[in-house]
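Chemist: Have a look at this one.
Any read-out appearing in this document is the output of simple, stated calculations on the displayed coordinates, not a laboratory observation. Note that the structure is predicted; figures quoted are calculated from it, not measured. In this analysis, Cβ positions are derived from the backbone assuming ideal geometry, glycine residues included, and neighbour counts consider all displayed protein chains.
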Amino acid sequence: MVKISKEAALQYHQNGRPGKIEVKPTKPYRTQTDLSLAYSPGVAYPCLEIQNNPDDVYKYTDKGNLVAVISNGTAVLGLGDIGAMSGKPVMEGKGLLFKIYGGIDVFDIEVDEKDPEKFCEAVEKIAPSFGGINLEDIKAPECFYIEERLKKTLDIPVMHDDQHGTAIISAAGLKNALEVAGKDIDKVRIVVNGAGAAAISCTKLYCALGAKRENIVMLDSKGVITSDRANLNEQKKQFATDRRDVHTLEEAIKGADVFVGLSKGNVLSQDMIRSMSDNPIVFALANPVPEISYEDAMESRPDVLMSTGRSDYPNQINNVIGFPYIFRGALDVHATAINEEMKMAAVRAIADLAKQPVPDIVNEVYRVNELTFGPKYFIPKPVDPRLITEVSAAVAKAAIESGVARHEITDWEDYKQSLRQLLGQETKFTRKLHDTARMHPQRVVFAEGGHPTTMKAAVQAKAEGICFPILLGNPDRLTRIANRLKLNLDGIEIVDMRADQEQGRRATFAKHLAEKRARQGYTFEEAYDKMYERNYFGMSMVENGDADAFITGLYTKYSNTIKVAKEVIGIQPGYKTFGTMHILNTKKGTFYLADTLINRHPDEDVLVDVARLSAHTVKFFNEEPHIAMISYSNFGTDEVGSPLKVHKAVEELQQQYSDMIIDGEMQVNFALDRKLRDDKFPFTRLKGYDVNTLVFPNMSSANGSYKLLQALDSDVEIVGPIQMGLNHSIHFTDFESSVADVVNITAVAVIDAYVEKIKKK
């Protein structure tokens with residue numbers, strides 16, 4: 001699990017605009033007409049339509065995509081009763097997850113009321129605003145009453161995620177784990193350690209799947225819950241055992257097939273797991289410390305099937321796999337409730353998804369993704385792009401079939417396609433990058449090891465499993481910086497290229513460089529001196545196989561870096577130059593821009609190379625390149641300067657590479673507006689295609705374009721610069737790069753290095 005410091009968390013929440021969510025208009029608002037339509041007098045018309053037909057509220061307002069995340073702060077995460085206001089960051093976080101995974105808008109509402117009756121009254125009064133209610137972090141047993149009452153009094157979906165979210169995901173996991181273990185749910189003995197809201201709901205759902213109540217033993221803080229115990233609440237009574245031979249967890253777990261922990265950490269020992277039946281299933285879900293660590297559980301016996309709530313181990317039981325898609329499906333059919341049929345549909349959809357072939361995240365040619373159904377993978381990953389289509393559709397279909405839907409979906413493939421388009425490209429791209437890199441982490445050298453941004457990025461990349469970082473710099477200095485930044489450098493290699501112990505490696509690298517560049521006047525002595533410089537030494541590590549990739553640029557002049565890269569690494573055969581690309585993820589799609597960093601004033605030959613490299617790079621990211629060569633004029637209207645260079649480059653490209661979908665010179669607006677372009681210039685090779693790749697006539701226009709978009713729209717996600725055309729995975733950063741930017745480039749560098757290895761096999 002990624003370790004988060006207090007300082008980093010507080011900075012994350014307060015930087016820029018405080019908090020994690022905001023409200024944005026969805027309609028034009030720039031003219032007086034726009035405002036008159038949005039408010040008075042135009043707004044009166046939808047009001048009257050809704051008065052005549054209340055269901056039209058879904059047609060004219062955001063109700064059908066709006067969920068209230070409501071809490072009184074009495075059971076916030078593992079923090080307990082910290083109050084409504086103190087729980088607000090959690091509720092905002094839940095809103096963020098709803099948005100990025102399900103495309104659902106959220107208002108977080110913190111109600112300062114512990115009395116269940118009064119709390120329900122407050123929720124009932126505001127419910128007309130929303131399409132659904134997500135109850136969050138409310139303590140037991142009050143949460144049971146609150147949910148049941150609101151389900152009866154409201155005509156919109158209500159779900160207490162602490163109960164049902166965990167239940168749905170763990171039930172899907174249990175269903176699949178039993179299949180892997182070769183066991184039947186109606187025969188297995190289950191021990192549930194914990195009797196709170198989540199534990200009760202999980203156990204209910206296991207019973208709905210076929211588990212027998214007589215085969216279940218539940219424990220609370222006092223031990224095994226037996227039917228003869230006094231003062232049991234109604235929830236605990238359901239699972240009180242008639243057995244009198246077990247009192248403690250150690251006694252209850254002997255011979256058990258399944259352990260589900262929803263209580264507190266470090267209560268399950270290795271000896272207890274050894275006492276379980278063959279192929280035991282252990283779900284250690286206590287937060288933040290599990291009942292037993294993954295390492296200890298796996299060490300106890302080789303046949304254990306293990307799940308935790310942590311992302312850094314297999315089979316993570318994570319509520320985000322469920323709630324965004326359950327509400328998505330419920331909202332899309334204007335459901336009046338989330339019923340048992342819908343929950344069970346979600347369970348089956350999640351379970352079935354884990355059995356399907358895992359989609360390649362990168363180009364199919366490279367086959368990076370190796371996950372297959374079995375002991376290490378019986379629950380889908382949260383980043384699986386199929387969750388929104390499969391789970392949402394299953395829930396929506398169950399709502400329709402069980403009679404709680406106000407709106408019916410008839411074309412399910414069209415519905416799934418609309419779900420795929422709902423979130424656009426934002427965040428998906430980087431998730432795919434990170435997930436792919438995590439499959440095959442490589443050794444990455446960071447040139448500016450003492451730069452705070454570099455160090456933070458290296459630590460984060462290691463924590464996420466993206467790479468094995470190597471920091472260049474003086475170990476004592478780097479350790480002091482790390483201590484000041486409160487960063488843990490354990491497991492991160494530090495190389496001091498100027499240290500005496502690196503003399504041998506400097507000599508080896510110098511000899512290689514001198515031989516490689518002998519005809520360019522290089523001597524061994526000159527090359528040896530250069531090995532004291534971080535770029536020469538770091539790139540030589542990659543060139544000589546001591547590392548797989550190299551990141552530089554935070555405080556290095558590009559002109560120098562470019563020179564070193566050409567000398568040490570060299571340009572790929574068939575090209576005269578190399579370049580860089582920035583990737584822009586926008587609401588209108590993903591766009592690839594080049595050359596943003598390397599070639600200041602390219603001639604037509606360089607533009608040809610940049611276009612070819614761009615095509616190759618776009619294919620690398622599993623897209624078909626549709627390339628527009630950009631200029632300030634269209635198709636020969638200006639016959640001097642840069643338009644002429646672009647014109648000649650396009651001419652050569654179309655002659656030499658007839659299968660390349662490319663044309664120009666053209667203005668940006670024509671490139672990005674297919675209808676305008678096709679109507680005005682029907683002869684273009686791009687006719688019928690949406691352009692996704694823009695090659696600019698010079699570095700100023702390319703660099704200025706992406707930075708302008710970056711400055712004007714904070715929602716535009718930018719990844720880059722991505723190197724194109726060098727012999728090894730050498731990538732650059734900007735001096736203004738954030739930690740996230742460097743981590744993203746690191747992921748690209750890792751994938752680049754891995755693909756390079758695959759090609760050489």
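Chemist: How do Arg243, Arg348 rank when sorted from fewest to most other Cβ atoms within 10 Å of their own Cβ?
Modeler: Arranged by neighbour count, lowest to highest, Arg243, Arg348 become Arg243, Arg348.
Chemist: Next question, about the same structure. Any chance you could give the angle, 0 to 90 degrees and rounded to 10, that helix 161-181 forms with the longest Cα principal axis of the chain?
Modeler: 80
Chemist: Starting with the fewest neighbours, write out Phe259, Phe550 ranked by other beta-carbon atoms found within 10 Å of each beta-carbon.
Modeler: With the sparsest Cβ surroundings first, the list reads Phe259, Phe550.
Chemist: Let me ask something else about it. Given the peptides 206-212, 265-271, 93-99, arrange them by the average over their residues of other C-beta atoms within 10 Å, most packed first.
Modeler: 93-99, 206-212, 265-271
Chemist: Can you show me the helix-derived [θ] at 222 nm for the chain, built from DSSP H runs with n ≥ 4 at -39,500 (n - 2.57) apiece and divided by the number of residues, rounded to the nearest 500.
Modeler: -13000 deg cm²/dmol
Chemist: May I ask you to order 482-493, 638-649, 714-725 by the average number of other C-beta atoms within 10 Å around their residues, highest value first?
Modeler: Packing order, densest peptide first, comes out as 714-725, 638-649, 482-493.
Chemist: Could you list which residues have their amide H under 5 Å from that of Asp137, counting only those 5 or more apart in sequence or on another chain, with H placed in the peptide plane?
Modeler: Asp162
Chemist: Still on this structure, please answer the following. State the extension gain, in nm to one decimal, for the chain segment bounded by Lys587 and Val289, taking 0.36 nm per residue of separation less the distance between their alpha-carbons.
Modeler: 103.4 nm is the gain from fully extending Lys587 to Val289.
Chemist: Using the 10 angstrom Cβ neighbour count as an exposure proxy, how do Glu22, Glu340, Glu515 rank, fewest first?
Modeler: In order of increasing Cβ crowding within 10 Å: Glu22, Glu515, Glu340.
Chemist: Through the Karplus equation 6.51 cos²θ - 1.76 cosθ + 1.60, θ set to phi - 60°, convert the phi angles of the stretch 381-394 into ³J(HN,Hα) values in whole Hz; use x for Gly and Pro.
Modeler: The phi angles translate into 7, x, 8, 4, x, 7, 4, 5, 7, 6, 6, 4, 5, 4 Hz.
Chemist: If I take R0 = 56 Å and measure r between the Cβ atoms of Ile126 and Gln520 in this structure, what FRET efficiency does the formula 1/(1 + (r/R0)^6) give, to the nearest 0.05?
Modeler: The pair Ile126/Gln520 has a calculated efficiency of 0.15.
Chemist: How far, in nm, would the chain grow between Asn266 and Glu250 when pulled straight, counting 0.36 nm per residue and subtracting the alpha carbon separation?
Modeler: Full extension of this stretch gives 4.5 nm more.
Chemist: Something else about it: What chymotrypsin sites (Phe, Trp or Tyr not before Pro) does the stretch 442-534 have in DSSP loop regions with at most 12 other beta carbons within 10 Å?
Modeler: In loop regions of the stretch 442-534 (DSSP not H, G, I, E or B), the sparsely surrounded chymotrypsin sites (Phe, Trp or Tyr not before Pro) are Tyr532.
Chemist: Whole-Hz Karplus ³J(HN,Hα) for the stretch 596-613, in order, using 6.51 cos²θ - 1.76 cosθ + 1.60 and θ = phi - 60°, x for Gly and Pro?
Modeler: 9, 9, 9, 9, 5, 10, x, 8, 5, 5, 5, 4, 4, 5, 4, 5, 5, 5
Chemist: Restricting things to alpha carbons, tell me how big the stretch 72-119 is in terms of Rg and Dmax, in Å.
Modeler: 11.8, 33
Chemist: In terms of the ratio Rg/(2.2 N^0.38 Å) built on C-alpha atoms, what value belongs to the stretch 452-552?
Modeler: So the Cα radius of gyration is 1.18 times the expected 2.2 N^0.38 Å.
Chemist: From the list (1) 1.08; (2) 1.02; (3) 1.17, can you say which value of Cα Rg over 2.2 N^0.38 Å was derived from the structure given?
Modeler: (1)
Chemist: Also: Nearest 10 degrees, 0 to 90: what angle lies between the long axis of helix 323-332 and the longest principal axis of the chain (Cα atoms)?
Modeler: For helix 323-332, the angle is close to 80 degrees.
Chemist: Show me, for the stretch 524-531, the HN-Hα J-couplings you get by feeding each phi into the Karplus relation (A = 6.51, B = -1.76, C = 1.60, θ = phi - 60°), rounded to Hz, glycine and proline as x.
Modeler: Running phi through 6.51 cos²θ - 1.76 cosθ + 1.60 with θ = phi - 60° gives 4, 4, 5, 5, 4, 4, 5, 6 Hz.
Chemist: While we're here: Provide the gained length on full extension for the span Arg406 to Asp278, in nm with one decimal, where the gain is 0.36 nm per separating residue minus the Cα-Cα distance.
Modeler: Full-extension gain reported as 41.3 nm.
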